[in-house]
Each structure stands twice: as structure tokens, then as C-alpha cells.
1. Any residue in segment 51-79 that's exposed (fewer than 13 other Cβ atoms within 10 Å of the Cβ): show its pairings with residues that are of a type in the set (S, T, Y) at Cβ separation under 9 Å, as long as the two are six or more apart or on different chains.
2. Can you confirm whether segment 56-76 contains a residue that is in the same structural domain as L15 (by TED's automatic domain parsing), modelled with pLDDT under 90 and among the acidic types (D, E)?
3. Report yes if E93 is surrounded by 13 or more Cβ atoms within 10 Å (Cβ to Cβ), under 22 Å from S136 (Cα atoms) and in contact with a Ser or Thr (Cβ under 7 Å, 6 or more places away or on another chain), otherwise no.
Amino acid sequence: MRTCNHSPDKNNHSLLISRLLREAKRLHRAASSESKQRALPILRRLLASKVLRDMSLIELYRRNSLIQRKHLLQLIAVEAGYNSWALYRRSIELHPQQVLAHYSLTLPDAGYTNLWFSTLSEANAYSKKHGGRTISVGTQAVVVAGLL
């Protein structure tokens, strides 16, 4: 029988960090893909979040070998509302129950019929009045009824 010396919070944050690292790996593969259909959405997100600057989308696609895993981890952190991956990871380690997971980990479990808003403040106002969980997605937000 195997025993674990970690507390539930330790397991929870380790699992969340592990899932985020796998998501960064998936994004890295997609961004490095020769398929425009797979690469361009990720490259657009890198540019929109200002993780990579001073390049056009076309130039970034042509030079996608410049993209490193750290860029995708930074993207995940920025999209979750943090300035850096280090701050996001530290926040998860210190307060795993209070930190919302990145939307790419949360939305697949949300189902359909989610309400999208152009700003986080609009989504928060709606969820306060009607219920649901607000999830930030870049500059937009979604209110999911079934997640707490």
C-alpha cells in the first residue's frame, strides 16, 4: 500500500500545476505546427496578450521556432490575470482553493449554453444577479451556470 505525505492542498495544487504544464505543452505543439489551422489561434493569443511583441502574425508564423514553453506558460498566466507564470504558480501553491484555474481547464467541464460577455465586469454583474461562475477568457468573460 502506498502512502502519501502530502496534504490535500498540496495534492490539489500539484495536480493543477501539472494540468497547466500539460496545457502549455499542448499549446506549444500547436503553435509550432506547420498547420495554419492549429498554429494561428495560439500565435494570435501570444500577440494579443503581449507575451511576444514587435512581430506581425505572419512573421511569427514563419519564425515559430522562436516560441519556447516559457512563452506559453506566460500566456496561461496572463490569461488567468497574473503578470507572470512565477506569480501564478506561487499563488496556486499558497492558495489552491482560491485561485481559479485557467479557462482551458475549466470550460471543457462546463457544458454548453454559457453566456459570453465582452468584459469581465459585465459578466460579474450578471453572475451576481443571476448566479453562476465568472471565468475570464482573455479580454472577454463567460458565466457558467453549472460550475461552482
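The values are calculated or read from the model by the stated rules, or taken from the named source; none is laboratory data. Remember, predicted model here, so these are calculated numbers, not experimental data. When we count neighbours, we look across all protein chains shown, and the Cβ atoms used for this are built from the backbone with ideal geometry, even at glycine.
1. Going by the 9 Å Cβ cut-off, the qualifying pairs are S65/S32.
2. Scanning segment 56-76, I find no residue that is in the same structural domain as L15 (by TED's automatic domain parsing), modelled with pLDDT under 90 and among the acidic types (D, E), so the answer is no.
3. no
Quick grid of which residues meet (1) modelled with pLDDT under 80; (2) part of a helix (DSSP H, G or I):
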| position | (1), (2) |
| --- | --- |
| S33 | no, no |
| D54 | no, no |
| L87 | no, yes |
| E93 | no, yes |
| Q97 | yes, no |
| L105 | yes, yes |
| T113 | yes, no |
